[in-house]
Amino acid sequence: MIFFCFRTLQMHVVDVNIKATYRSLCLYLFKSSRNAEVDMAILQSVILLVSALFVVSEASYAVHQKKCNSKDSECLKNYFQEVVWEAAKNGLPEVGIPILDPVEIKDYHVSVPGWVSFDFDGVGQGMKSCFLNKFWMNFEKRYASMEMICDLQMKGHYKLFSNSSLIRNLLDGDTLHGDGNGGLKFEKMKMSFDFRFKVEQRGGDNFLNIDSESSKFNVDILRGASFAADNLYLGDVEASATIMKVMNQHWKLVMDGTALPFMYKIKGLFYDLTQKYFNNVPVKNYLNDDVWKYVVT
């Protein structure tokens, strides 16, 4: 019977956390064995518990949306829309994705030589507002593309310094610097992410592994960006209201000057979240397709 316990462990349990629990129960059964009748009762309890854990583990990856054919882009869009909303609201801790709305922003730094140095710590919100415009996959080309539009905002503590000639001309003054409370809001930010992937086999299941080097990411603010801050100085003069008015009037110019490092950080976050999902959730959980022929050997 002990052999049967460990045989069940080897054949049917994949999740490492559940496997550890099952192994401990098998060892406990071995050490506390009294007679066949007691052993069988304990073994039945073990199987019941592990079965329950296995069901919970499987359900933790699930969304309330039917699985798709890889060529059905509308189905894929709806499926991964649910994934985005679930990650925003509750996170996906089983694959290492925390709650995304709200999300802590810590030690965020942007520095553009000759333009601006900006540090921020605070909270980001808005992932619950995100809508997928498209999501399609091509297994023959090992290529996928997604597009998402969100209303995003950040609030918290900032530090800023700029001695840019453009800023000085815009504000008709001296260096710009501040250390206080601030916020940034994006209306209808469109994020496009195209990536190549490999199909890999692990533990009897297939997973996608994203190729970061060949991925393409683009950010476009469709409606606008707005800024808010206190304790902003133009030279030695507190001028928060005036500075915010000018920055909000010329938001596109401000974003053009800082977009590149900002885009790199957003791309890194997007890649990390996408990789964590596809590299940990079996393809069979969201696709009906047989993808074995695409497995990297």
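Numbers at a glance
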| read-out | value |
| --- | --- |
| Output for segment 207-264, where each listed residue is assigned to a helix (DSSP H, G or I) and of a type in the set (Ser, Thr, Tyr) | SER240, THR242, THR258, TYR264 |
| Matching residues, segment 212-230, being surrounded by 15 or more Cβ atoms within 10 Å (Cβ to Cβ) and not hydroxyl-bearing (Ser, Thr, Tyr) | PHE217, VAL219, ILE221, ALA225, PHE227, ALA228, ALA229 |
| Qualifying residue in segment 168-178 (condition: in a strand (DSSP E or B), in contact with an Asp or Glu (Cβ under 6 Å, 6 or more places away or on another chain) and either of a type outside the set (Ser, Thr, Tyr) or under 18 Å from ALA241 (Cβ atoms) (or both)) | no |
| Complete set of residues in segment 130-142 that are within 16 Å of the chain's Cα centre (by Cα) and surrounded by fewer than 20 Cβ atoms within 10 Å (Cβ to Cβ) | PHE131, LEU132 |
| Within segment 143-164, tally of residues that are touching a residue at least 40 places away in the same chain (Cβ under 8 Å) and either outside any loop (DSSP other than H, G, I, E, B) or buried (at least 19 other Cβ atoms within 10 Å of the Cβ) (or both) | 15 |
| Residue among PHE207, PHE186, PHE195 that alone is in contact with an Asp or Glu (Cβ under 6 Å, 6 or more places away or on another chain), assigned by TED's automatic domain parsing to the domain that holds LEU132 and of a type in the set (Phe, Trp, Tyr) | PHE207 |
| Count of segment 215-234 residues which are under 17 Å from LEU269 (Cα atoms) and in contact with a Phe, Trp or Tyr (Cβ under 7 Å, 6 or more places away or on another chain) | 2 |
| Filter result for the condition that a residue is within 18 Å of the chain's Cα centre (by Cα) and farther than 16 Å from PHE270 by Cα, over MET148, MET127, MET154 | MET154 |
| Selected residue (criterion: nearest to TYR277 (Cα to Cα)) from residues of segment 188-211 that are surrounded by 14 or more Cβ atoms within 10 Å (Cβ to Cβ) and among the basic types (Lys, Arg) | ARG196 |
| Answer residue from segment 182-201, given it is of a type in the set (A, V, I, L, M), modelled with pLDDT under 95 and in contact with a Leu (Cβ under 9 Å, 6 or more places away or on another chain) and is farthest from TYR158 (Cα to Cα) among those | MET189 |
| ALA229 vs. criteria within 20 Å of GLY126 (Cα to Cα), small (Gly, Ala, Ser) and in contact with a helix residue (DSSP H, G or I) (Cβ under 9 Å, 6 or more places away or on another chain) | yes |
| ILE149 being within 24 Å of PRO102 (Cα to Cα) and out of contact with any helix residue (DSSP H, G or I) (no Cβ under 8 Å at 6 or more places or on another chain) | yes |
| Test result for PHE118, in a strand (DSSP E or B), touching a Leu at 6+ places or on another chain (Cβ under 9 Å) and either at pLDDT below 95 or within 30 Å of ASN163 (Cα to Cα) (or both) | yes |
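The values are calculated or read from the model by the stated rules, or taken from the named source; none is laboratory data. Note that the structure is predicted; figures quoted are calculated from it, not measured. Positions of Cβ are backbone-derived with ideal geometry, glycine not excepted, and every protein chain shown enters the neighbour counts.
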